[in-house]
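The values are calculated or read from the model by the stated rules, or taken from the named source; none is laboratory data. This one's a predicted model, so the numbers in the text were calculated from it and none came from an experiment. Using ideal geometry, Cβ is built from the backbone for each residue, glycine included, and neighbour counts are taken over all protein chains shown.
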Amino acid sequence: MRILFHGPFEKMMGREVRLPPPATLSALIGELARRNPAFSRYADLTTDEALMAHVMFVRGGAPLTLSSPLGEDDEIDVFLPVVGG
């Protein structure tokens, strides 16, 4: 699995991380928090709404939820959420 970090997440985690896929997005966030404690604030979020208010995980242009299954060939982008009005 390939994870691409954008914006402030790039400074936190680096531009790209490759790792074997955990079963779900929730497990991936836990792994990222183990690799960098600054990411742990996102591992503590327990609902999709709370997560998406702080960070967006996107695969193929579609946002992922905490229970989204992940695969070996996935490419995940990590962004700040976009708001408008």
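Worth a mention:
- If the condition is being surrounded by fewer than 10 Cβ atoms within 10 Å (Cβ to Cβ) and assigned to a loop (DSSP other than H, G, I, E, B), then the range 47-61 contributes Gly60, Gly61.
- Residues within the range 62-85 that are under 19 Å from Glu10 (Cα atoms), in a loop (DSSP other than H, G, I, E, B) and either β-branched (Val, Ile, Thr) or modelled with pLDDT under 95 (or both), tallied: 3
- Meets criteria (at pLDDT 95 or above and in a helix (DSSP H, G or I)) for Ser40: no
- Residue match in the range 9-22 (condition: touching a residue at least 24 places away in the same chain (Cβ under 8 Å) and surrounded by fewer than 11 Cβ atoms within 10 Å (Cβ to Cβ)): yes
- Contact annotation: residue pairs with Cβ atoms under 8 Å, 6 or more positions apart or on different chains, pairing a residue in the range 49-74 that is of a type in the set (Val, Ile, Thr) with a partner that is part of a loop (DSSP other than H, G, I, E, B) and surrounded by 12 or more Cβ atoms within 10 Å (Cβ to Cβ), are Val55/Leu80; Val58/Leu64.
- Test: residue in the range 7-30 that is in contact with a Gly (Cβ under 7 Å, 6 or more places away or on another chain), of a type outside the set (Phe, Trp, Tyr), modelled with pLDDT under 95 and part of a loop (DSSP other than H, G, I, E, B): yes
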